[in-house]
Amino acid sequence: MIIVVPSSSPTFKNSLAILHQVPEGHVGVYWRGGALLETITDPGFHLKLPLITQYEPVQVTLQTDQVRDIPCGTKGGVMINFEKIEVVNRLHKDYVYETLLNYGVQYDHTWIYDKIHHEINQFCSSHSLQQVYIDVFDQIDEKMKDALQGDCTRYAPGIEIISVRVTKPTIPDSIRRNFEQMEEERTKVLIAIERQKVVEKEAETEKKMAISAAEKNANVSKILMEQKLMEKDSSRRQQEIENQMYMAHEKSLADAAFYRVMREAEANKLKLTPQFLELKFIEAIADNTKIFFGDKVPNMVLDQRLLGNFLQRVHGEGARDVNLEEEVSRE
């Protein structure tokens, strides 16, 4: 006798069906008589024994589990509440049988939901409200991820924790108002600091501009001074060259005059012979011819030697002229 008990649960319907479908992103796992079978099926249509074999699809792609309403007490005794924490995780296909064998289909309740509650309470109990709410809030995500992954790697290696997203916790209104006032004061201080930085930056910019202008003027003055010095140096070199040219010209003229005087002196020295002196003496006497009137002629004293030489030369020239005329007449 077979007793059929109506049920609307998916597990009961899956046990009655012969043909079943495994959706994409899932694998099919089976129980027979309550024992988990090692058979794992891929997405698609598959057959099973009705009533005897139960089937359940298990997701092996990325999934996000949302853990809600997590109360915890801080180190100072203040109760706060995390409204939502999202955990992105994945179950590896190769570890589906081992994970379900140890922790069942609801494995994520054990290693994600319950574990998040535990880790959040551990974190809050070791930190003050200031730290949890402000100072180290940005570190909670990574700390939760590392804590979950560490235990999963040790006890359930098929579960991979991808990321954890923690929302801001809810704190008592009185404390929240204090934090808001503190944040407003901090914001005012930051604004004042930023204004001071802007003023300092503007002053520094003006200082740099003044220094730049002064350096520019100094560089221009330096360039102008160097230009004037170069012009003076060029004029000095030009004057030196002109002086050297003038000195060379004057030296050349002086050397020429000296050479002329020396040659004239040498020529005059060669002229100083007795005959030349006698000639000049006679020419000088001849140029000084005078006519005297009166009873008495002035006495003139002559150098007898010069006069004798002159008369002798005149006599010699007369004899040569006579001989020349005789030779001409013979011819």
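The values are calculated or read from the model by the stated rules, or taken from the named source; none is laboratory data. If you're wondering where the values come from, they're calculated on a predicted model, not measured in any experiment. Counting neighbours? That spans all protein chains shown, and the Cβs are built from the backbone with ideal geometry, glycine included. Quick note on the areas: whole protein, heavy atoms, side chains included, nothing else; ligands and nucleic acids left out. Shrake-Rupley method; radii C 1.70, N 1.55, O 1.52, S 1.80 Å.
Of note:
- Pairwise FRET efficiency - residue 183 versus residue 62, Cβ, R0 = 35 Å, nearest 0.05: 0.45
- Ligands, DNA and RNA excluded, the heavy atoms of residue 208 present near 120 Å² of accessible surface to a 1.4 Å solvent probe.
- Rounded percent of accessible protein surface that carbon and sulfur make up, the stretch 173-247, 1.4 Å probe: 57 percent
- Residues within the reach of a label modelled at residue 90 (point 7 angstrom out along Cα to beta-carbon, backbone nitrogen below 16 Å), restricted to the stretch 60-79, are 60-65.
- Accessible surface, per residue, of the stretch 107-191 when the full set of protein chains is kept, probe 1.4 Å, Å²: 55 Å²
- Pairwise Cα inverse-distance average, inverted: Kirkwood Rh of the stretch 155-244 (Å): 21.3 Å
- When the listed pairs 84/145; 143/168; 143/197; 115/168; 75/197 are checked against a 27 Å cut-off, the alpha-carbon distance exceeds it for 143/197; 75/197.
- D_trans [Stokes-Einstein, Kirkwood Rh over alpha-carbon pairs] for the stretch 184-293, 25 °C, 0.890 mPa s, µm² s⁻¹: 103 µm²/s
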